[in-house]
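Each reported figure results from applying straightforward, stated rules to the coordinates on display, with no laboratory input. Just so it is clear, the structure is predicted and the values come from calculations on it, not from any experiment. Cβ sites come from the backbone with ideal geometry, for glycine too, and all protein chains shown count toward neighbours.
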Amino acid sequence: MHEFGIAESVLGAVEKRAAGRGVSHVRVQAGALLRITEPALEQAFSMVAGGTVAEGAKIDLIVLPVRLDCRSCGGSAESTDALAACPGCGGLDIDMHGGEELLLESIQLTEEEHVPGDSRRGRGDPA
Ligand SMILES: [Zn+2]
């Protein structure tokens, strides 16, 4: 599946940046022409990330728009819909630019778990 290749690329970048630390959130920018959705990417990522620093991490997907240049009316527009028609004339004879980017925008590390000390020592329960 398409999303698995993308998820693996993302995971590789995440692992490099995390350098062994646990990752809780991953923010990814992907061009509209990749036609991925956040649920599909998250599902694929959770499978490829099992047993890595990013196991269980949540994915935020930001879809980057593609630029449309219409050959019929000469208009141009941006769209996050990979199957867009020209918003000016409704034409489908369109040149698309961009939309195939895949970027790891940021990662969020898991907070270090707070391990409570023995703070209750000496406080007996007066039952
Ligand atoms: Zn047009």
| said: To the nearest 20 Debye, how big is the dipole of the chain about its Cα centre, given +1 on the beta carbon of each Lys and Arg and -1 on that of each Asp and Glu? | reply: 360 debye
| query | Where does helix 38-48 land angle-wise versus the long Cα axis of the chain, in degrees 0 to 90, nearest 10? | reply | 50 degrees
| message | Please give me, ordered by residue number, the GluC sites (Glu not before Pro) of region 1-90 that lie in loop per DSSP and have at most 13 other Cβ atoms within 10 Å. | response | Glu55
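Relative to 2.2 N^0.38 Å, what does the C-alpha radius of gyration of the chain come to as a ratio? Two decimals please.
Numbers: Rg = 22.2 Å, N = 127, 2.2 N^0.38 = 13.9 Å.
Cα Rg divided by the expected 2.2 N^0.38 Å: 1.60.
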| field | Lys/Arg +1, Asp/Glu -1 at C-beta; the chain dipole; positive extreme among Thr110, Gly12, Ala85 | value | Thr110
| Which angle from 0 to 90°, rounded to the nearest 10, does the C-alpha axis of helix 2-18 make with the longest principal axis of the chain? | 50 degrees
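Using DSSP, restrict attention to beta bridges with both residues in the chain and report what percent are antiparallel, rounded to the nearest 5.
On the way: 15 of 22 bridges.
If we restrict to bridges inside the chain, about 70 percent are antiparallel.
What's the exposure ranking of Lys58, Lys16, going from fewest to most Cβ atoms within 10 Å?
Working: Lys58 15, Lys16 9.
By the 10 Å Cβ count, ascending, the order reads Lys16, Lys58.
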| Proximal charge balance of Val10 [Cβ under 13 Å; K/R count +1, D/E count -1] | -4
